[in-house]
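Derivation of every value follows stated rules applied to the coordinates shown; laboratory data play no part. None of the values given here were measured: they were computed from a predicted structure. Reconstructed Cβ throughout: ideal geometry from the backbone, glycine too, with neighbour counts over all protein chains shown.
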Amino acid sequence: MAISKLVITIDGPAGAGKTTVSRTLAERLGYRYVDTGALYRAVAYAAKHQGVRADDDAALEALCCGLDLKFVSTKSGQRLLSGEVDITDLIRTPEITMLASAVSARPAVRAYLLNVQRDMGRQKGVVFEGRDMGTVVFPDAEMKFFLDANIEVRAHRRYLQQQAVASQKPEEVENQMRRRDQNDSTRDLAPLRPAADAVVIDSTDLSAEEVIECMLTHIYAGDVPGG
Ligand code: DC
């Protein structure tokens, strides 16, 4: 069944399965996919390389003004460029992960990325994954999901994913995830929480395919917020 082009938001904590699900959902619908966490990671990466502290708002604002972030589609999938540099893999280290959580609490960074993200959503037919997509960036999105899972399952999934890029022990991954959950959900600006009109899905006991099926059912049923 054909549906008109929507903005679909998928928010939730780390390890809930947002990336796999968002990417596949976008593919099935013929939509674009935007990983907004990668944008916060890109700011963190630039801050690290320019020696900017995560609590220096003036310097972060200047840094953001000089950034040029864009997603490009390639044969090996979607890549994130900062200027001409492909930073897709460089932003996945544990250090950048924690720095991204820290810079994401700063007003200058959120204001800058709010505009970047809204620009990316101007043409509909996009799945956005993040923390505040349904609450702040696209409060009028036609379809909102909040994907959650218990912390042990999320930490285990992240541990398995990270084995290729980092040699963290399972308990380190879980501790880092607990700290990040705490930062992301207790910050003053755009804290992680489900939008009032989001469909909440707990993926603890579901496969990615089951989550996608569930989302497609809501999308095709036209369960649009306020609808
Ligand atoms: O999704 P991720 O783990 O790549 O995100 C990295 C950090 O970026 C996360 O700890 C919080 C922040 N973030 C955010 O504040 N708002 C978003 N929409 C996406 C990510």
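Axis of helix 208-220 versus longest Cα principal axis of the chain: the two differ by about 60°, to the nearest ten degrees.
Our note on the geometry: Cα centres of region 167-192 and region 57-82, 23 Å apart.
Under a 5 Å amide H cut-off, with hydrogens placed 1.01 Å from N, VAL200 pairs with PHE146 among residues at least 5 apart or on other chains. Against the chain, whose longest principal axis is taken from its Cα atoms, helix 36-50 shows a tilt of about 10°. With a ≥ b ≥ c the root eigenvalues of the C-alpha gyration tensor of region 1-72, is it rounded (a/c under 1.5), prolate (a/b larger than b/c) or oblate? Since a/c reaches 1.5 and a/b is larger than b/c, the shape of region 1-72 is classed as prolate. In region 76-182, the inverse of the mean reciprocal separation of distinct Cα atoms equals 16.0 Å; this is its Kirkwood hydrodynamic radius. When the Cα atoms of region 58-104 are aligned to their principal axes, the ranges along those axes come out at 38, 25, 14 Å in descending order. Pairs exceeding a 22 Å alpha-carbon distance, out of LYS48/LYS169; LYS18/LYS124; LYS70/LYS144; LYS70/LYS124; LYS48/LYS124: LYS48/LYS169; LYS70/LYS144; LYS48/LYS124.
Considering only GLN50, PHE146, SER207, and ranking their Cα positions along the charge dipole of the chain that arises from unit charges at the beta-carbon of Lys, Arg, Asp and Glu, the one farthest toward the positive end is GLN50. Length, then width, then depth: along the principal axes, the Cα atoms of the chain run 51, 39, 39 Å.
Between SER167 and VAL200, what length in nm is gained on full extension when 0.36 nm per residue of separation is reduced by their alpha carbon distance?
Working: separation 33, 0.36 × 33 = 11.88 nm, distance 3.26 nm.
Here the segment from SER167 to VAL200 would lengthen by 8.6 nm.
Our summary gives the chain a relative contact order of 33 percent, counting only alpha carbon pairs under 8 angstrom and 6 or more residues apart.
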